[in-house]
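**Q** Below: one structure in structure tokens.
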Amino acid sequence: MKIGGTANFSVNGRRYSLRANMNVALSDEERESVAGLDTIHGYLSRKVPAFIEADITDTADFDIKDLTEVDNATVIAELDNGRIGVLRNCWQITQITLDVAEAQMSLRFEGSAGEWI
């Protein structure tokens, strides 16, 4: 059974050429254990942005400025094992740096919460 190796990445319905790196974290909560001198007391919980980050290939068919200004977007990560991660109402947060030698750039989209469908 194939479990990985390929994936697709799209922003507002437009698919981009995905490189070898994509990370997806769709929870809106992060927990931290609290350890006392006597025992574990429990955990703390705090809100964190959900995110999808990906490295894409620079092709001439899109405008880098448009990606920089993405807001209120839907980003979808389709994995080879059938999982689909969706991040809605999100925005692109990184300053996009183009690696000219590799024709590659990194994007990171954050939002309130995402879901696996």
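**Q** All but one of (1) at pLDDT 95 or above; (2) under 24 Å from ALA113 (Cα atoms); (3) of a type outside the set (D, E, K, R) hold for ALA101, so report the exception by its number.
**A** (2)
**Q** Answer yes or no: is there a residue in the range 108-117 that is surrounded by 12 or more Cβ atoms within 10 Å (Cβ to Cβ), part of a strand (DSSP E or B), more than 14 Å from the chain's Cα centre (by Cα) and not β-branched (Val, Ile, Thr).
**A** No; the residues of the range 108-117 include none that is surrounded by 12 or more Cβ atoms within 10 Å (Cβ to Cβ), part of a strand (DSSP E or B), more than 14 Å from the chain's Cα centre (by Cα) and not β-branched (Val, Ile, Thr).
**Q** While we're looking at this one, here's another question. Sort out which residues of the range 29-47 are under 30 Å from ASP80 (Cβ atoms) and either surrounded by 14 or more Cβ atoms within 10 Å (Cβ to Cβ) or among the basic types (Lys, Arg) (or both), and write them in order of number.
**A** Passing the criteria: only ARG31.
**Q** Checking the structure you have, find out if any residue of the range 63-77 is among the polar types (S, T, N, Q), over 14 Å from the mean Cα position of the chain (by Cα) and assigned to a strand (DSSP E or B).
**A** Checking the range 63-77: not a single residue is among the polar types (S, T, N, Q), over 14 Å from the mean Cα position of the chain (by Cα) and assigned to a strand (DSSP E or B).
**Q** Kindly evaluate ASN23 against the criterion of being under 22 Å from ILE117 (Cβ atoms) and not in a strand (DSSP E or B).
**A** Criteria not met by ASN23.
**Q** To continue, here is another question. What are the residues in the range 38-83 that are of a type in the set (Phe, Trp, Tyr) and without any contact (Cβ under 8 Å) to a residue 40 or more places away in the chain, if any?
**A** Scanning the range 38-83 gives a single hit, TYR43.
**Q** What pairs can you find where one residue is in the range 87-99 and within 17 Å of SER10 (Cα to Cα), the other is acidic (Asp, Glu) and assigned to a loop (DSSP other than H, G, I, E, B), and their Cβ atoms are less than 6 Å apart, with a gap of 6+ or different chains?
**A** Pairs that qualify, where the first residue is within 17 Å of SER10 (Cα to Cα) and the partner is acidic (Asp, Glu) and assigned to a loop (DSSP other than H, G, I, E, B), are TRP91/ASP71.
**Q** Also: Do we find that VAL86 is touching a His at 6+ places or on another chain (Cβ under 6 Å) and in a strand (DSSP E or B) in this structure?
**A** The answer is no for VAL86.
The values are calculated or read from the model by the stated rules, or taken from the named source; none is laboratory data. Since the model is a prediction, treat every value here as computed from it, not as a measurement. Cβ: placed from backbone, ideal geometry, glycine included. Neighbour counts: every protein chain shown.
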